[in-house]
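This report concerns only the one structure given below.
The values are calculated or read from the model by the stated rules, or taken from the named source; none is laboratory data. Since this is a predicted model, take the numbers as computed values, not measurements. Here the Cβ positions follow ideal geometry from the backbone for every residue, glycine too, while neighbour counts run over all protein chains shown.
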Amino acid sequence: MTLSQLADSTGQPIGTVEISRDISQRRALMNQVIQSERLAAVGRLAAGVAHEINNPLAVIAEVAGYLEDVLAGISGDEKVNVEREFQEGLTTIAAHVNRCRDITHRLLGFARKSEARLEVADVNAALDEILPFLEKEARLANVRIHRQDAANIPQVSIEEVQLEEILINLITNSIQAMTKRGHGNIWLAAAEDGDKVILTVRDDGPGIDESVRDRLFDPFVSTKPQGQGTGLGLSICYGIVKRYDGEIRVESKPAEGTTFQVVLRVHHMPSRNKSRS
Ligand SMILES: Nc1ncnc2c1ncn2[C@@H]1O[C@H](COP(=O)(O)OP(=O)(O)OP(=O)(O)O)[C@@H](O)[C@H]1O
Ligand SMILES: [Mg+2]
């Protein structure tokens, strides 16, 4: 509603002009747009969750199948060996079931900001957690993973499962990029840089295809055949890194390799923060 005063030639108020406009239609349309944007966000989220859960599920299925094979081939004297392999297999299965649970919890947390989480991660602990099963995948592709010592790297401000998710996605991409050629190397490093920690995943693979270079962090951008890549890995990494006020960079040269760097904040103890301010 717009109201304006009406005056005569001497400036004396003699009345008001009132213009009313019915905006209920415009408002309904706007609500519709908001609603459909929400639905699109839910769709993206569901696709992201499906993608993240696929990694641990693949490991669970593989280990379970392996245990089945072991069980089928068991004979008297092998019993001690078999027990150890079973124990290792079961530990791996439990770890990956936990990962699935963390991912679904995170999804629920997204819906209803639930419990507070510990937002501090140790780079070495994250690598210890994920490397055993990534190394298996790398061995199959004849790819060597070189892990630089990162013993004195400070803890970083990010939830540990999320850091693991980023590293899994970057390392898996490198392995997949070199699988066709049948050999390659991946170098993992971490360095302290002032108030930041820089994590580096470098490979000597084919480099990033020109067709996807400019849209690398957009969802659904992939050069992999249908059914093999959803093109969500890097967009998930980007989303996580941004949420923690970090950065992700990439450098790549055809036939030479690709380097991804993730920059995260050093986590300061609350007491240290207090004495600083
Ligand atoms: N280390 C790398 N070397 C070469 N190309 C890469 C590398 N990392 C990513 N890419 C390219 O970037 C594209 C997008 O990667 P992203 O992880 O987002 O999706 P994806 O790996 O194709 O699918 P998903 O991660 O869902 O399985 C890949 O399809 C690939 O072409
Ligand atoms: Mg990927």
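Is one or more of the residues making up the stretch 180-201 crowded, with 19+ Cβ neighbours inside 10 Å, over 24 Å from Ala47 (Cβ atoms) and of a type outside the set (A, V, I, L, M)? Yes: one or more hits. Taken over the stretch 227-248, the residue count meeting the criterion of being surrounded by fewer than 20 Cβ atoms within 10 Å (Cβ to Cβ) and under 18 Å from Glu210 (Cβ atoms) is 2.
Per the conditions (1) exposed (fewer than 11 other Cβ atoms within 10 Å of the Cβ); (2) closer than 20 Å to Ile171 by Cβ, the sole criterion not satisfied by Arg26 is (2). Residues that are over 21 Å from the mean Cα position of the chain (by Cα), among the basic types (Lys, Arg) and more than 10 Å from ligand 1 (Cβ to nearest atom): does the stretch 235-249 have at least one? Checking the stretch 235-249: not a single residue is over 21 Å from the mean Cα position of the chain (by Cα), among the basic types (Lys, Arg) and more than 10 Å from ligand 1 (Cβ to nearest atom). Of the residues in the stretch 72-89, at least one is surrounded by 10 or more Cβ atoms within 10 Å (Cβ to Cβ), among the small types (Gly, Ala, Ser) and on the phi < 0 side of the Ramachandran plot. The C-beta contact set for the stretch 119-142 (first residue of a type in the set (S, T, N, Q), second residue modelled with pLDDT of 90 or more, distance under 6 angstrom, 6+ apart or interchain) comprises Asn142/Gly182; Asn142/His183.
Asp149: more than 15 Å from the chain's Cα centre (by Cα) and at pLDDT 95 or above, yes or no? For Asp149, the condition - more than 15 Å from the chain's Cα centre (by Cα) and at pLDDT 95 or above - is not met.
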